[in-house]
1. Scan region 362-390 and report the pairs whose first residue is more than 6 Å from the ligand (Cβ to nearest atom) and whose second residue is part of a loop (DSSP other than H, G, I, E, B) and at pLDDT 80 or above, with Cβ atoms within less than 6 Å and a gap of 6+ or a chain change.
2. Can you tell me how many residues in region 394-414 are more than 12 Å from the ligand (Cβ to nearest atom), crowded, with 24+ Cβ neighbours inside 10 Å and not small (Gly, Ala, Ser)?
3. Considering only region 299-315, how many residues are surrounded by fewer than 24 Cβ atoms within 10 Å (Cβ to Cβ) and of a type in the set (S, T, N, Q)?
4. Contact list please: Cβ distance under 6 Å, first residue in region 1-18 and over 12 Å from residue 216 (Cβ atoms) and modelled with pLDDT of 70 or more, second residue among the aromatic types (Phe, Trp, Tyr) and part of a helix (DSSP H, G or I), pairs at least six apart or on different chains.
5. Quick test for you: out of 30, 61, 91, 56, pick the one residue that is free of Cβ contacts under 8 Å to residues at least 12 places away in the same chain, touching a helix residue (DSSP H, G or I) at 6+ places or on another chain (Cβ under 8 Å) and surrounded by 14 or more Cβ atoms within 10 Å (Cβ to Cβ).
6. Within the group 38, 46, 84, which residue is closer than 30 Å to residue 348 by Cβ, of a type in the set (A, V, I, L, M) and assigned to a helix (DSSP H, G or I)?
7. Going by the structure shown, is residue 156 surrounded by 15 or more Cβ atoms within 10 Å (Cβ to Cβ) and either modelled with pLDDT of 90 or more or among the aliphatic types (A, V, I, L, M) (or both)?
8. Determine which member of the set 426, 431 is under 29 Å from residue 64 (Cβ atoms), more than 16 Å from the ligand (Cβ to nearest atom), surrounded by 21 or more Cβ atoms within 10 Å (Cβ to Cβ) and touching a residue at least 60 places away in the same chain (Cβ under 8 Å).
Amino acid sequence: MKWYKKLHWQIIIGLVLGLLWGLMSSLVGLNEFTSDYIKPFGTIFISMLKLIAMPLVLVSLVVGVTSLNDTTQLSRMGFKTVAIYAITTVLAITIGLTAVNIIQPGKTLPAETTKTLQETYSSSIEDRSATANLVQERGPLDFVVDMVPQNFFEAAGNNSRMLQIVFVAILLGIGIIQIGGKKAQTLVEVFDAFNDVIIRIVELIMLTAPYGVFALMASLIIDLAGDDLGQAMELLYALGWYCITVIMALIIHVFVVYASLFKATSNMKLSTFFKAIRPAMLLGFSTSSSSATLPVTLERVEKNLGVEEEVASFVLPIGATVNMDGTSLYQAVAAVFIAQALGMDLSIAQQLMIVLTATAASIGAAGVPGAGIVMLVIVLETIQVPTAGIALILGVDRILDMCRTTVNITGDAAVSVAVASTEGRLGEAHLDD
Ligand code: ASP
């Protein structure tokens, strides 16, 4: 097969051409055209992925749970999944904190830039603080209460309630296991057939990914740069060290923590893993959304990594909403960066508080673009750093969102391999394309 016929290359080409188109349209004043005629295709692409996400989670999780055929197996796998998710998240935050304390990017920021940025973004900070305040007023067990829907259709009608559907699917699966016999068998077959249909639809949607990604990238650049490319570049330069710190720490997390996880639990090579999930990573990068990428992550993990369906369809939907190593690492670096830029030195106790709150904040963040920066307000308030400091990092947040989302997705896939392998449910990897 010629290289350019492979899907991941087509996505990369779409991504690069989209970036170039965005830059060009900012330079020659084609922003209106891009926004009217190109941006909508990116929106349609994301909508299609979101459209399929909810049915996919429901159906594949029911198939997953019913194929576990006894409930003790289910609870053991649940415990293992949550434990590995928690450990990798704490390690991610520790790596982020170490990097930001060594590199100290906040101390390189020119005072002038800080001021301009604060003025530019003051209104959107208020919006974000208001959202976070709502989150903060809630009781400690409210997130458990939120997992149990009162009405199935209401839950299924809102993509941000993915965890409620996870709950319903597990309940439905347990019910089917418990009635057993012929009726249960029929239901399992129906869900199984639906599952195959949905996976096929995902494959069809993915055929349009290169065009979708082109449109997403082009519109991202025009939103970021507006008509003043120069100023966007200046901001990017001023915040360069902060971005380098986050990105370096993310890379270390992937190559140290996930590599060690594989060493400890399976004999999968990191290169095999990356080759298999590359399209999901690229899609995470271009959509900045773990939830929108979930259908593709599921498909790659099952078909190409050899993780059995019952494990993948259990571990990944939960991971897409609660396991966000990239987000938690980023929140740790961002919080310390803002403190440094505002001339505040954080004590060890405050940094430990970051570990706790960033873990909670990343669990609470939805798998959608920009969720991480909203929850960052909570981390900042806990360690008493002025939340207005968020203005400093808002300009580059989308770029980091793309990187941290990629790591979030990689983390979910890595944990699914670890769980599958220790459960004896990891087959052969197929690197077909
Ligand atoms: N965009 C991220 C995700 O979907 C969440 C975040 O903003 O950090 O995984």
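The values are calculated or read from the model by the stated rules, or taken from the named source; none is laboratory data. What you are looking at is a predicted structure, and each value in this text was computed from that prediction instead of being measured. Here Cβ is always computed from backbone atoms with ideal geometry, including for glycine, and neighbour counts include all displayed protein chains.
1. Note: pairs meeting the criteria are 362/324.
2. Selection size over region 394-414: 0.
3. Summing the residues that are surrounded by fewer than 24 Cβ atoms within 10 Å (Cβ to Cβ) and of a type in the set (S, T, N, Q) in region 299-315 gives 1.
4. 9/3
5. On the way: 61 fails: free of Cβ contacts under 8 Å to residues at least 12 places away in the same chain; 91 fails: free of Cβ contacts under 8 Å to residues at least 12 places away in the same chain; 56 fails: free of Cβ contacts under 8 Å to residues at least 12 places away in the same chain.
Sole residue among the options that is free of Cβ contacts under 8 Å to residues at least 12 places away in the same chain, touching a helix residue (DSSP H, G or I) at 6+ places or on another chain (Cβ under 8 Å) and surrounded by 14 or more Cβ atoms within 10 Å (Cβ to Cβ): 30.
6. Values: 38 fails: closer than 30 Å to residue 348 by Cβ; 46 fails: closer than 30 Å to residue 348 by Cβ.
Only one candidate passes the filter, namely 84.
7. Judged against the criteria, residue 156 is a match.
8. 426
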